[in-house]
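The values are calculated or read from the model by the stated rules, or taken from the named source; none is laboratory data. Note that the structure is a prediction, hence the values are computed from the model and not measured. Here the Cβ positions follow ideal geometry from the backbone for every residue, glycine too, while neighbour counts run over all protein chains shown. Just so you know, the surface numbers come from the protein's heavy atoms only, side chains and all, with ligands and any DNA or RNA stripped out. Shrake-Rupley method; radii C 1.70, N 1.55, O 1.52, S 1.80 Å.
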Amino acid sequence: ENEFGEVGIDENILSENAEEELIEVMNGCICCTVRGDLVEALKKLYKRVAQFDGVIIETTGLADPAPVCQTFFIDEDIKAMYDLDSVITVVDTKYILERLAEVKPEGVENESVEQVAFADKILLNKIDLAENEDELKKIEAELKKVNPIAPIQRTKNSVISPKDVLNIQAFELERVLDFDPEFLSEDAEHEHDSSVVSIAVKVQKDVNISMLEKWVQ
């Protein structure tokens, strides 16, 4: 699980009864600044490969999927250890059209477009926030313009059967190379929007929510 900020919270909110193990990679995106941490985490996990069925990598919302996927093909050790099953992109019904249309500074990628383009499957989440069926169809049409191949599955509150997203064997290297011929190039670079920053404040006592919200605004 990857956090753009330096403080992670997911490990503390997951059920203690869960059999899964969570490894947090924080303070940067695993597509660039902490990509080496991802490689090291995968190699350490493989020492206990008999104890798990698979690895799920949750990136930040700012991550470019290409370098993350690339790791499974250009790092010889990781290539021998793992097979990339699929790239699943979760789309926010309320904001996706705004994000897709966002104009970034020159040389900066639109992460939303990249994430939709690389998806082997798209989960259109928060469908209850759409005004009507026509709005959902409009969103799906715009997503198809970016990625005409990936199936779109509608969800509410991210409720979905694990069999719909795990072990679906949907990743196809040939498809990726068709729209990104430089995918396997180690010299390929990408740039994040520098206007997006993260600030972490640790407080070991009760927090006044009203004051916190006022400070954030």
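Miscellaneous remarks
- Net charge dipole, region 98-148: roughly 160 debye, given to the nearest 20, about the Cα centre with Cβ charges of +1 for Lys and Arg and -1 for Asp and Glu.
- Phi to ³J(HN,Hα) by Karplus 6.51 cos²θ - 1.76 cosθ + 1.60 over region 200-217, Hz, x for Gly, Pro: 10, 10, 9, 10, 9, 6, 4, 10, 7, 4, 4, 5, 5, 4, 5, 5, 4, 5
- Sparse-neighbourhood loop sites, chymotrypsin sites (Phe, Trp or Tyr not before Pro) in region 70-116 - DSSP loop, at most 14 other Cβ within 10 angstrom: Tyr95
- Of the peptides 145-156, 130-141, the ranking by mean beta-carbon count within 10 Å, highest at the top, reads 145-156, 130-141.
- In this calculation the C-beta distance from Lys79 to Met211 is compared with R0 = 41 Å, giving a FRET efficiency of 0.25.
- Fully extended contour minus Cα-Cα distance, from Val55 to Leu166, at 0.36 nm per residue: 39.0 nm
- Gain on full extension, evaluated as 0.36 nm per residue between Val108 and Lys144 minus their Cα-Cα distance, stands at 10.7 nm.
- Counting only protein heavy atoms and a probe of 1.4 Å, the accessible surface of region 106-176 is 49% carbon and sulfur.
- Residues Asp92 and Glu174, FRET efficiency given R0 of 30 Å [Cβ-Cβ distance, rounded to 0.05]: 0.50
- By the rule of a C-alpha distance below 25 Å, with chain neighbours fewer than 8 residues away ignored, the lysines paired with Lys126 are Lys94, Lys137, Lys138, Lys144, Lys145, Lys156, Lys163.
- Surface composition of region 35-82: carbon plus sulfur atoms contribute 51% of the solvent-accessible area (1.4 Å probe, protein chains only, all chains present).
- DSSP-assigned coil residues among GluC sites (Glu not before Pro) in region 84-116, each with at most 13 further Cβ atoms within 10 Å: Glu102, Glu106
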